[in-house]
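Notes for the one structure printed next.
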Amino acid sequence: RKEVEQDPGPFNVPEGATVAFNCTYSNSASQSFFWYRQDCRKEPKLLMSVYSSGNEDGRFTAQLNRASQYISLLIRDSKLSDSATYLCVVRLDDKIIFGKGTRLHILP
Amino acid sequence: DTGVSQDPRHKITKRGQNVTFRCDPISEHNRLYWYRQTLGQGPEFLTYFQNEAQLEKSRLLSDRFSAERPKGSFSTLEIQRTEQGDSAMYLCASSLLPYSEAFFGQGTRLTVV
């Protein structure tokens, strides 16, 4: 089993739609969780941290379920500029473990 | 700019040549990471430093690869006798704490011809 697994994608959704990304992690001792966004041929950029209580930043909502070892990201009212690859990232001690990413295409 | 910086941004080299990349982390970050990323894949871990100590190396890091962080500040990644399979984006990241968010440089895109 891979350490961090994400939906393979790509997701092609119309502008204005709601998009949900899912991620699971294998090590229950994992300590912190993040979503990164990566544009084509650019570096990953931190989108948001993920907390057990759930957190929201504008149109973006992240959730963590430690019991199920599951992380989600919801994007509401999607914009063309949301088109990118979304990477699920888990930290365990000093390790930074990435999923393969899910590519999102927002269609006009 | 106080973010992570990498140099050069692009490098084209002939197979068999040696290349060296540099990473300057965020100044107060004592943890520095090197990753490699190929098209359509997530970043793959290569190695990391806590201050000047190299604490872990991936099995991806063959004996042609070496990394240093001599004074616990900037780091270099050298690839000797480059092969076409080394073509990738090499990303550097730094973080302050073991479980805190990491910040990435813009990467060095290596093309081996």
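In region A:66-87, the condition of being hydrophobic (A, V, I, L, M, F, W, C), within 14 Å of chain B (Cβ to nearest Cβ) and within 10 Å of the chain's Cα centre (by Cα) is met by at least one residue. When each of B:19, B:4 is tested for being over 26 Å from residue B:96 (Cα atoms), buried (at least 18 other Cβ atoms within 10 Å of the Cβ) and in contact with a strand residue (DSSP E or B) (Cβ under 6 Å, 6 or more places away or on another chain), the lone residue that passes is B:19. Every test in (1) touching a residue at least 60 places away in the same chain (Cβ under 8 Å); (2) in contact with a Ser or Thr (Cβ under 6 Å, 6 or more places away or on another chain); (3) outside any loop (DSSP other than H, G, I, E, B) is passed by residue B:33 save one, and that test is (2).
No other residue among B:67, B:93 is of a type outside the set (Val, Ile, Thr), closer than 17 Å to residue A:95 by Cβ and within 11 Å of another protein chain (Cβ to nearest Cβ) apart from B:93. I'm trying to understand the selection: among the residues of region B:74-101, which are over 21 Å from residue A:44 (Cβ atoms) and either among the acidic types (Asp, Glu) or outside any strand (DSSP E or B) (or both)? Within region B:74-101, B:78, B:80, B:81, B:82, B:83, B:84, B:85 qualify. Taken as a whole, the condition of being among the acidic types (Asp, Glu) and over 18 Å from residue A:28 (Cβ atoms) applies to residue A:77.
Restricting A:32, A:28, A:49 to those that are hydroxyl-bearing (Ser, Thr, Tyr) and more than 28 Å from residue B:3 (Cβ to Cβ) reduces the list to A:28. Checking each residue in region A:29-61 for being within 24 Å of residue B:35 (Cα to Cα) and either among the aliphatic types (A, V, I, L, M) or away from every other protein chain (no Cβ under 13 Å) (or both) picks out A:29, A:46, A:47, A:48, A:50.
Here, each number is a calculation from the coordinates, and none is a lab measurement. Keep in mind that this is a model prediction, so the values were computed, not measured. For neighbour counting, all protein chains shown are included, and Cβ atoms are generated from backbone atoms with ideal geometry for every residue, glycine included.
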